[in-house]
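Below: the structure, in structure tokens.
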Amino acid sequence: MTDAYPGNAYPGDPYGDAAIDRESDGSFDANARIVDPAAVEGDEGRVEAALRPRRLEDFPGQPRVREQLALVLEAARRRGAPPDHILLSGPPGLGKTTLAMITAAELEAPIRVTSGPAIQHAGDLASILSSLTEGEVLFLDEIHRMSRAAEEMLYLAMEDFRVDIVVGKGPGATAIPLELPPFTVVGATTRAGLLPAPLRDRFGFTGHLDFYDTGDLEAIIRRSATLLEIEADDHGVHEIARRSRGTPRIANRLLRRVRDWAQVHGSHVVDLAAAEAALALFDVDASGLDRLDRGVLEALCRRFAGGPVGLSTLAVAVGEEPDTVETVAEPYLVREGYMIRTPRGRVATTRTWEHLGLEPPAGTGEAPGGPMAPTLPLDDPS
């Protein structure tokens, strides 16, 4: 039998989405589900059981975070005590959930998994904390979305390993202290800036995950192809990795879609021709931009003449929520130089106009005299 770690709450988990039996408080025990990969039928089951790395040495990319986390965990093992609380931040799909599962596996400790949106009342968090065992890992995904009352309870639990249960209401209310065994909180967030400072300061180690380079993504795709028994050549793997936006979740999803295209069209090999045809079918262009990315850039250029334009207005123009545009599309577009975030709003760069095959109007974007043009202070004698 082999432990199979459940996937997180996001669709298109890079290492597979698992069926989850949730508790009444919205959490679930990640060790409660045991799967025999040989007994699972279909590629989707094998994705769930096999694609998620189990050990830190098998985790691809993020060398700095991996090295730092390995030191924290090894020191804790030698002391025979739970490690400091761990905060993992970064864009979606980079492996925060996987690192949380690996943390528990390296410590040989059970793990309880829940999420910030599932904890809307202090009582929800109290019920989870009171059921923890010594040395257990509590993984809080999207920790920045916890309610304020639950956050304040978590402060005390993380620092002093106790919670105060309030019984009754009004003048007759009584606070009953409940001692907790030592445990480790692993928090994951895509919006580290939204975490209150008192909560952020209680994490002994903070790791920020950045986008992967093409070489690391190629290694991930090759490993996934081997586990899924997919035949893939170097050219096909490179093409998928190049268009994966630096994200393992997207890389594995595109691999499976190219696999589907190759099987349907009879080649059964993930090569360059299959990758190009399949990615064109699924609206992933040669630069790795998908429908949402191109929608943002086209709205920015065609409707707002390159900007500047506010986030909310831009989101309305593409029919998405502002949070979706800000957390899903913007990080990659800014990193790759397609967009600039300014105090006045979002601005298209020269690369955006070139990518869309459009001619930038005079006085906009990065053109001379545009919003990004340098200016001198009024009191500068020159």
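Read the figures in this text as sums done on the coordinates, not as results from a lab. A quick note: this is a predicted structure, and the numbers were derived from the prediction, not measured. With ideal geometry, Cβ positions are generated from the backbone for all residues, glycine too; neighbour counts draw on all protein chains shown.
If R0 is 45 Å, what FRET efficiency do you get for residue 81 and residue 223 from their C-beta distance, rounded to 0.05?
Plugging the Cβ-Cβ distance into 1/(1 + (r/R0)^6) gives 0.85.
Other residues lying with their Cβ under 12 Å from the Cβ of residue 99 contribute a combined charge of +2, Lys and Arg counting +1, Asp and Glu -1.
Using Cβ point charges alone (K and R +1, D and E -1), the dipole size of the range 214-281 about the Cα centre works out to roughly 420 debye. Taking 0.692 mPa s as the viscosity and 37 °C as the temperature, the Stokes-Einstein diffusion coefficient of the range 214-281 based on its alpha-carbon Kirkwood radius rounds to 293 µm²/s. Extension gain, residue 265-residue 67: 0.36 nm per intervening residue step, less the Cα-Cα distance, totals 67.0 nm.
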